[in-house]
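The values are calculated or read from the model by the stated rules, or taken from the named source; none is laboratory data. All figures in this text were calculated on a predicted structure; none of them were measured in a lab. Here the Cβ is made from the backbone with ideal geometry for all residues, glycine too, and neighbour counts use every protein chain on show.
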Amino acid sequence: MISPVADPRISIVVITRDRRDELRHSLQRLAELREKPLTVVLDNGSHDGTAAMVRREFPNLVCVALPVNYGALARNIGVSMCQTAYVAFCDDDTWWAPGSLRSAADALDCHARLAVVTARILVEPGATLDPICRELETSPLAAPFELPGPMLLSFLAGASVVRRRAFLSVGGFDRRIFIGGEEELLGCDLAESGWLIAYLPDAAIHHRASELRDPHARRRIGIRNTFNYTWLRRPASDALRRTAAQLIRLPRDRPSAGGVLDALRNSPGVARDRVVVSGHVAAMMRQLDASQLGSDARRYIS
């Protein structure tokens, strides 16, 4: 276990793979934060000297070099290493704005049932608001009591702060999703356990999309995971309806076909592990269908 360096409430967990130079930029920005939180870097089996760079240039950080790519599950390892009540997630192409970690910790302090807060995402260069934030701002979900922002059912991992106890209580991110949309399954399981998620516009994170990502591969994975998540948790009638709507929206191209084929290949395991949510959570999912299917931020393009 690792003790925090400064603010006793919050730490940062960063996951990365083969993006050494982009990670360096993000870590430099995180090092400037007044909160001075402990930062744990999980290197998902990089081959570009990422771990060596972190240890050489950022000796005050904790760097764990994993032997293979754990995907989002690397965050589970990072959270288990931290002792703070709250853990902020960061990717190798994102960094928290000054004061935002304190705002997130304050919000979580004030709401005992709040498990996750997701910040405003500012796209670089230019610090323009990410289109997904419009969807979060207009969430149709009704909170059982006043929250620091609109109530959500999912979140954006690279722009969120989690309550460590809540995160660990539901097992963290799931191996069946691996990476890409992993937050939806976790958010659903948190809701099933009585936890809440909120959009926190008072906090902000900057995102400079990596130039090294493969947009077609990323889209293929996202399509696969969307179908997997739909059938892992939703009632059959809802899952059929949502699947049909998603298929209609997909572009007719190779990445889309690959994502659908991958989902079909995974279907035996999904059927085996399927656990349908309660009526209350299923109703929340139905409430979000229209806004999600109509969101420009969720268009399957690359």
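Taking the condition at pLDDT 95 or above and surrounded by fewer than 20 Cβ atoms within 10 Å (Cβ to Cβ), does residue 168 pass?
For residue 168, the condition - at pLDDT 95 or above and surrounded by fewer than 20 Cβ atoms within 10 Å (Cβ to Cβ) - is met.
Residues 295, 237: which one is among the hydroxyl-bearing types (Ser, Thr, Tyr) and over 22 Å from residue 117 (Cβ atoms)?
237
Within the range 275-302, take every residue that is surrounded by 14 or more Cβ atoms within 10 Å (Cβ to Cβ) and part of a loop (DSSP other than H, G, I, E, B) and give me the one that is modelled with the lowest pLDDT.
302
One line per residue, one yes/no per condition, for (1) modelled with pLDDT of 95 or more; (2) of a type in the set (D, E, K, R); (3) crowded, with 18+ Cβ neighbours inside 10 Å:
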{"position": "8", "(1), (2), (3)": "no, no, no"}
{"position": "37", "(1), (2), (3)": "no, no, yes"}
{"position": "46", "(1), (2), (3)": "yes, no, yes"}
{"position": "56", "(1), (2), (3)": "yes, yes, no"}
{"position": "59", "(1), (2), (3)": "yes, no, no"}
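Just wondering, is there one or more residues in the range 44-52 that are touching a Leu at 6+ places or on another chain (Cβ under 7 Å) and hydrophobic (A, V, I, L, M, F, W, C)?
Within the range 44-52, none of the residues are touching a Leu at 6+ places or on another chain (Cβ under 7 Å) and hydrophobic (A, V, I, L, M, F, W, C).
Does residue 22 meet the test of being touching a Ser or Thr at 6+ places or on another chain (Cβ under 6 Å), surrounded by 16 or more Cβ atoms within 10 Å (Cβ to Cβ) and acidic (Asp, Glu)?
yes
Name the single residue, out of those in the range 98-112 being in contact (Cβ under 8 Å) with a residue 24 or more places away in the chain and exposed (fewer than 14 other Cβ atoms within 10 Å of the Cβ), that is nearest to residue 167 (Cα to Cα).
Of everything passing the filter in the range 98-112, 109 is nearest to residue 167 (Cα to Cα).
Is there any pair linking a residue in the range 115-140 that is farther than 27 Å from residue 191 by Cβ to one that is part of a helix (DSSP H, G or I) and of a type outside the set (Asp, Glu), with Cβ under 6 Å and at least six apart or on different chains, and which?
Correct list of pairs: empty, since none qualify.
Of the residues that sit in the range 148-161 and are surrounded by 21 or more Cβ atoms within 10 Å (Cβ to Cβ) and either within 14 Å of residue 191 (Cβ to Cβ) or not assigned by TED's automatic domain parsing to the domain that holds residue 41 (or both), which one is nearest to the chain's Cα centre (by Cα)?
Filtering the range 148-161 for residues that are surrounded by 21 or more Cβ atoms within 10 Å (Cβ to Cβ) and either within 14 Å of residue 191 (Cβ to Cβ) or not assigned by TED's automatic domain parsing to the domain that holds residue 41 (or both), the one nearest to the chain's Cα centre (by Cα) comes out as 155.
Residue-wise test of (1) among the hydroxyl-bearing types (Ser, Thr, Tyr); (2) within 20 Å of residue 181 (Cβ to Cβ); (3) under 21 Å from the mean Cα position of the chain (by Cα).
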| site | (1), (2), (3) |
| --- | --- |
| 43 | no, no, yes |
| 48 | no, no, no |
| 54 | no, no, no |
| 63 | no, no, yes |
| 70 | yes, yes, yes |
| 79 | no, yes, yes |
| 94 | yes, yes, yes |
| 99 | no, no, yes |
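Condition first: acidic (Asp, Glu) and either over 26 Å from residue 92 (Cα atoms) or crowded, with 19+ Cβ neighbours inside 10 Å (or both). Now tell me which residues in the range 113-142 satisfy that.
Answer for the range 113-142, where residues must be acidic (Asp, Glu) and either over 26 Å from residue 92 (Cα atoms) or crowded, with 19+ Cβ neighbours inside 10 Å (or both): just 135.
So if I check each of 145, 178, 173, which one is out of contact with any Phe, Trp or Tyr (no Cβ under 8 Å at 6 or more places or on another chain) and at pLDDT 95 or above? Even if it seems obvious, please write down each step before you answer.
Details: 145 fails: at pLDDT 95 or above; 178 fails: at pLDDT 95 or above.
Only one candidate passes the filter, namely 173.
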